Structure formats: C-alpha cells, structure tokens
Amino acid sequence: MAYQVLARKYRPTLFSDVVGQDHVTRTLLNALAQNRIAHGYIFSGHRGIGKTTIARILASALNCRTEIGSDKRPTPEPCNACESCLEIRQGNAVDVIEIDAATNRGIDEIRELRDAARYRPSRDKYKIYILDEAHQITDAAFNALLKTLEEPPDHIIFMMATTQPEDIPQTIRSRCQHFSFHAVKLDDIVGQLRLIATAEAINADDATLSLLAEAGDGSMRDALSIMDQAIASAPLAPAAPGESTGRPVLSANEVRDLMGTVSNVIYEHILEAVSENNSADVLAIINRLLDAGNGAQQLARQFVRYLRNTTVAKITRLSSEADATGIAADLLQISPEERKRAARSAALFTEEELSRFLAIMLRTFDDLGFRQEQRFHLELGLLKLVHVQRLIPVEDLLSQLGAPPSNNPNIKPTARATSAASAPTPPTSRPAIPPSTNLSSRPERSEVERPAGPPTPSTTAKATTSEPGAPRPNSGTWEGPSSTPSGQSREAEGVAGFSTLNTSSESRGFSPGPSSAAPQKSTEGALALAEIPQPTAPAQPGPHLVPAQSPDLDALQNTIVDALAAAKGQQSASDKLADATLSTTPDTLNIHTTVSAAMLPLLLNAEAQAIIKSVLTTQNLKLRLNLIPGAPQAAAAPKPKRAAAAGSAADLAAKHPVVQQAQKLFDAEIRNVIDLREKD
C-alpha cells in the first residue's frame, strides 16, 4: 500500500477521536440520540481543525446501518464496520457527495445539484451533500440553492464547511445550524503528537513536540504536516535488537532549521539589550541572524509573536518561577519553557512600554512587505525600541502641569520624581547678586529645592477652599483640581518647584517658588496663579536686608526694564514691564501688567522672574514678587509710553516702512511686539 501522510492516516473516524471540539461533538451526539436532525449545517473555523472530518463522521452516523443501542453500536457513534461506514470513510459512497465549492462555485453547478437532490438516495437513509469551502460559492449560486435549502426533501441534508462564514449570505446562515469550531489548544496538540510519535516509533522530547505544536498555530493538520516533514529529515538512531532500522530522532534545532525560525533565546537577548539602551548589541544580534540567511520578514514575524507573548505575560503577572494557570495558561499557548522566558522578558519593562514595542514591530512588519531595503527597515524598527524608552511618560507630563501623579505601579519613576528624597536642603535665603553679575546668564536650577518628607508650617502649600473646576470670585480664571492631599506638599509627591494656589481675593498674581519652571496650564486648561511662601531664615550675623519703606517705583521699574533688555531673549518681557504699573505693600512688590493670564507665564517666564528678583536683591529690597495679569486695577493717569530700546524688536518694528505706512493709513499705534527671532 502507498504511504499515507500522518494527517490522513490518523484522521478521526469517531466523534470521540476528535481533539479540541468537545462542544461540537457533544451537541451532535445528543442530536443523534434524540433524532433531532437538521437539514442544514454550517461548520466554520480555523483551517485544519476537523470541520470536514466531523462532517464525514456525522454522515457515517446518519447512514450507518447498525441500529443505535445494539451490541455493535451502543452509542450514536458510527460502527465503522458496515458497508455504508466503510464506503464513506474511503470516500466512494454513492449517497454522500462531497463537492469542492472552490471549483464548483457557479450557478450551473448548483442547478445540477438542486436537480439531483429531488431523487431519493440509492441505498442509504439520507442523501448528504458536503460543500467544502462553501464561502467560495457565488451569490447567484446561493440564491439558486436558497429555496431548496429552505424546504428540502426529507432525505436531503446539506453540510457546509468554511473558514469565512461571514461571506455566506445571511439568508443561507439563518436556515442552517451554525457550529463555530475552536482552534485546538497547544496541550491537546502536544498530546496527540505524543500518541502518534509513540505509534510511529519516533524519538521526540516534549520540547520538540511543543515546537511542532506551536508551528501548527492551533491547526492539528498543520502540526501533523510539519511533523511528517521533520520525520523525513531527522537522523536515525542506531537500530535496537530486533529492529531492522533505527528510529528517527527529532530535535528542536533541526525542526527550527526546517521551519526557517530561530530560537526565542535570541529575542530574549534583544529585549535585554533594549532594556539596557544598548543599540550596538541590538544591531550586532540582528546582523548575525541576517548573515546566517534568515529573512527579515520571518524574523520580524517571530519577534512580533514573542512580544505578544511577553505583553500577555506582563498583563497576567506571570512569574518565571511558577507555572502558568488560569487566564495566563489560556492566553499563552506555548511550552512551559517559553512561558518562563516570556515572563523574564516581561519583568524588564512596563506594560505601556511593551505595548509600544508591539505596535512598533507590527508597523515594521507591515513595512517590510513593500520595502526594497528590508534589512535597513528591520534595523530601524529595532532601534526605535531603544529610543522609545526615552520618551517622557504622560503621567510625568501631567505631574508637571499640576495634576496628581499616577498611582500606577507599572510606571517607572523619573529622575525628577525620585530625586526629591535625596536632594539636600537648600539655604533659606538667597545670596545677593553683585552689580557686576551678568544678568543674561541663566541661573542654574536644581531639580528639587525642598526635601521630601512631612511638611512644615513654613513650606506647606496653601490649600484652596474652592471646589475643583469652580470659578474664582472676582476672577476670570479657573482653578484646576487639587494636586496634593490635604496637609501634604507637592514636593512630598515628587513634583518639585511648582506654584500652589493663592486664595487671596486681593491679588491674583503669580509668583513661582525658587528656581521654578514657568507655570503651565492645569489639566482643565486653566492657569493656576499663585505663590509659594519662602522659608523663614534664621538670624545670622552679617549685613541684614531691610525692606525700604517707600522705594522709588519709577527708578526701580527702569532698572528692571534695562536688566531684562540686557538679557538674551527677554526683550518682550522688557517691553511689557515698561507698560506695567508697580505698587508695593509692606512685604510685596505688585506688578500690574497688561498681559492676559494665558500669556503672562510665557512672556514673564522663570528666567525673567529670576532677573527681577536679582534686581530687588541688589536694591536691598526684601520684597516678594507678585505678577498680576490684565489691565492695572487702579491707575491714576495714563503713563507716557516709554521709548523702545535701540535695536529691540519694538524699535525695529517702529522703523519698518510697512508698519509706518499702516500707521498712516489706519491711524494705528503699536501696542504689543513679540520677538520671535531665533537666539544664538
């Protein structure tokens, strides 16, 4: 007899022999026992999982000549001994017609089938039509079959097997019983392969069988086909006593070479190099794989599968020390060794990072399908995995905008957040800046200026009494949600150097803490204008700064304007300060600007505020800075407009011929000038 491949030789002939489709076989056995036989069935699902096989078994059970309950047939299973069962198993039964719908898909073939269906079966009880790949039938052919399928003769049963049930018209599906087949689980495939290996006298360990089962991708037929090919290429072991030839020995490495894949150990090393930000090692590993003859698309496809398993291992909290159970075992249809490897790789990254990695590699795999230089695109995709870790997490950005930091344990702490606990305590007062200091140089800013820990009365931020999102009284701005719990400073949560809300109704100004960054909009799009009280400095020997009782505000304003004009990139701030109105309280310098609340932190940023504070220090004025947006609240008389400094943006704009012509035509005046030139 000619050789039969394993997929045909070990094809199930009983419902109990079918692996992984218990929900289908149980239903059909109950229907046979109760004689509840439908006239149409649709079997849909993955390739190679038993759709046509079960259709043949059902046809044998329907036309079996042995009575159910007899000694030869105690259950509704076919006896596989009568003439009808043997003919159906051999494929030459007269009353069981199996049609390849991929080639017989036209309306003429279906008309012939419909005409032949009117005649009763030649010998058996039912005339059964098995339509394989039924989704290939045209719409016109389905319409020709519709009436016969709706009201068929009592002796006709239609069985349609398809991998794409959505392509079958709904009018056909509604007239049939639809059974959706499942992909066969890895453990079921491994168990079946082990039984076949024992029956065929083949030496194969569990790792090799698991690799064959993974290559099957849920299809029993695919796994058996790959196993057949692996047996043909396997070396023979020395013959044992009583054996004419030795047994084939299957090994995992030979199976990988046969399938054109590499060990997942390689991808584990790649992810280790990615976690270490080592781009050189990543490129070196992929270079060895490509030089060995592996295809770029195959490598990308296998890496995508490995990243998917790693992501699932992270989501299900799979440990490399314990066996997978529950949802982890269901989602990870791989060998136990591969599950542990995926768990080790998952421990190196957060869930968000693995999701980004998977998205990048999926995009890379798609690009490789229509790119000329596949090697370059694969290398670029792998380098993106290294670079994507340098992106700032959204939670970190939200914390900088004043939102509460995330409590997600999967988010890695950033350097800004983790440095709060180890930062030294800053001095309680700033040294005076001598007049010779270059104000254009940007002062160095420490990441955290207050240590983390329990707040003290001198450093605790003022708590707001309004509800989050509620409008402030006598103010056009909105308060964002509170970013810290009651009694806890922002610095204690790892958000350093940010302003807190000032609930005073007298002043809605802005005064950042020491060396703070420019204030940003809150998470609700509003600006939190506030100030942080400075810590009280203990009495120390040496010169003591005493606030002036009545400082010359005009002279002070001119000094501040000149200092800002001399600084690089602060010309716009200088122009706005020239139009501002200054007033003082016993301990505060109020600057009433004409800038809106939204533009105030952009024009008078942290660097500009540092220059203003340095001017106050040089003038021996121990005053807090309070910037107030909008028009001056109480201006006695309009101030004369200060001439723009030579070479400034306002001066250049005033001298531009187009601007001068516009002033003449429209009787216009220059109000605001923003310098957008690039600075050196």
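The values are calculated or read from the model by the stated rules, or taken from the named source; none is laboratory data. Since the structure is predicted, the reported quantities are computational estimates derived from the model, not experimental observations. Because the Cβ atoms are built from the backbone with ideal geometry, glycine has one as well, and the counts that use them run over all protein chains shown.
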Subset of the stretch 337-373, residues within 30 Å of Asp205 (Cβ to Cβ) and in contact with a Lys or Arg (Cβ under 7 Å, 6 or more places away or on another chain), comes to Ala346
(request) Answer yes or no: is there a residue in the stretch 215-230 that is over 31 Å from the mean Cα position of the chain (by Cα) and over 24 Å from Gln333 (Cβ atoms). (result) no
Has the stretch 222-231 got any residue that is surrounded by fewer than 12 Cβ atoms within 10 Å (Cβ to Cβ) and either of a type outside the set (Phe, Trp, Tyr) or on the phi > 0 side of the Ramachandran plot (or both)?
no
Log entry, pairs with first residue in the stretch 30-45 being without any contact (Cβ under 8 Å) to a residue 40 or more places away in the chain, second being charged (D, E, K, R), beta carbons closer than 9 Å, six or more apart or on different chains, reads Asn30/Arg36
Would you confirm whether or not the stretch 80-89 contains a residue that is under 30 Å from Lys147 (Cβ atoms) and either without any contact (Cβ under 8 Å) to a residue 60 or more places away in the chain or assigned by TED's automatic domain parsing to the domain that holds Tyr10 (or both)? yes
Condition set more than 20 Å from Thr162 (Cβ to Cβ) and acidic (Asp, Glu), scope the stretch 114-139, selection surrounded by the fewest Cβ atoms within 10 Å (Cβ to Cβ): answer is Asp115
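Residue-wise test of (1) surrounded by fewer than 17 Cβ atoms within 10 Å (Cβ to Cβ); (2) not in a loop (DSSP other than H, G, I, E, B).
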{"site": "Thr25", "(1), (2)": "no, yes"}
{"site": "Arg47", "(1), (2)": "yes, no"}
{"site": "Gly69", "(1), (2)": "yes, no"}
{"site": "Val94", "(1), (2)": "yes, no"}
{"site": "Glu112", "(1), (2)": "yes, yes"}
Among residues of the stretch 140-175 being under 30 Å from Glu214 (Cα atoms) and of a type in the set (Asp, Glu), the residue surrounded by the fewest Cβ atoms within 10 Å (Cβ to Cβ) is Glu166
Note on the stretch 97-120: residues farther than 21 Å from Ile49 by Cβ and within 46 Å of the chain's Cα centre (by Cα) are Thr103, Asn104, Arg105, Gly106
For Asn287, are the conditions met, namely being over 17 Å from Lys340 (Cβ atoms), in the same structural domain as Phe376 (by TED's automatic domain parsing) and assigned to a loop (DSSP other than H, G, I, E, B)? no
ask   = What about Arg11, is it out of contact with any strand residue (DSSP E or B) (no Cβ under 6 Å at 6 or more places or on another chain), in the same structural domain as Met159 (by TED's automatic domain parsing), assigned to a helix (DSSP H, G or I) and farther than 26 Å from Glu151 by Cβ?
value = no
Q.
Being among the small types (Gly, Ala, Ser) and surrounded by 12 or more Cβ atoms within 10 Å (Cβ to Cβ) is the requirement here; does Ser16 meet it?
A. yes
If we keep only residues of the stretch 176-204 that are β-branched (Val, Ile, Thr) and in a loop (DSSP other than H, G, I, E, B), then the residue surrounded by the fewest Cβ atoms within 10 Å (Cβ to Cβ) is Ile202
The residue from Glu272, Glu254, Glu268 that alone is modelled with pLDDT under 90 and either outside the structural domain of Ser219 (by TED's automatic domain parsing) or assigned to a helix (DSSP H, G or I) (or both) is Glu254
Examine the stretch 121-138 for a residue that is among the aromatic types (Phe, Trp, Tyr), under 49 Å from the mean Cα position of the chain (by Cα) and assigned to a helix (DSSP H, G or I), and state whether such a residue exists. no
Expected single match for free of Cβ contacts under 8 Å to residues at least 24 places away in the same chain, among the charged types (D, E, K, R) and within 30 Å of Asn104 (Cβ to Cβ) among Asp167, Asp139, Asp154, Asp222 is Asp154
Per the filter on the stretch 299-340, residues touching a residue at least 12 places away in the same chain (Cβ under 8 Å), in a helix (DSSP H, G or I), under 22 Å from Ile189 (Cβ atoms) and of a type in the set (Gly, Ala, Ser) are Ala313, Ala328
Within the stretch 8-31, can one find any residue that is under 43 Å from the mean Cα position of the chain (by Cα) and either among the aromatic types (Phe, Trp, Tyr) or farther than 30 Å from Gly218 by Cβ (or both)? yes
Among Lys521, Lys576, the single one that is among the charged types (D, E, K, R), at pLDDT below 85 and within 22 Å of Ala650 (Cα to Cα) is Lys576
*Is it true that some residue in the stretch 331-339 is surrounded by 22 or more Cβ atoms within 10 Å (Cβ to Cβ), touching a Gly at 6+ places or on another chain (Cβ under 7 Å) and in the same structural domain as Glu379 (by TED's automatic domain parsing)?*
no
In the set Ile334, Ile360, Ile315, the lone residue that is of a type in the set (A, V, I, L, M) and over 13 Å from the mean Cα position of the chain (by Cα) is Ile334
Scanning the stretch 373-418 residue by residue, those at pLDDT 70 or above and assigned to a loop (DSSP other than H, G, I, E, B) turn out to be Glu373, Leu391, Ile392
Original post:
Do we have Ala296 as in the same structural domain as Arg339 (by TED's automatic domain parsing), under 30 Å from Val388 (Cα atoms) and in contact (Cβ under 8 Å) with a residue 40 or more places away in the chain here?
Top reply: yes
When every residue in the stretch 602-624 that is in contact with a strand residue (DSSP E or B) (Cβ under 8 Å, 6 or more places away or on another chain) and closer than 12 Å to Gln570 by Cα is compared, the one surrounded by the fewest Cβ atoms within 10 Å (Cβ to Cβ) is Gln609
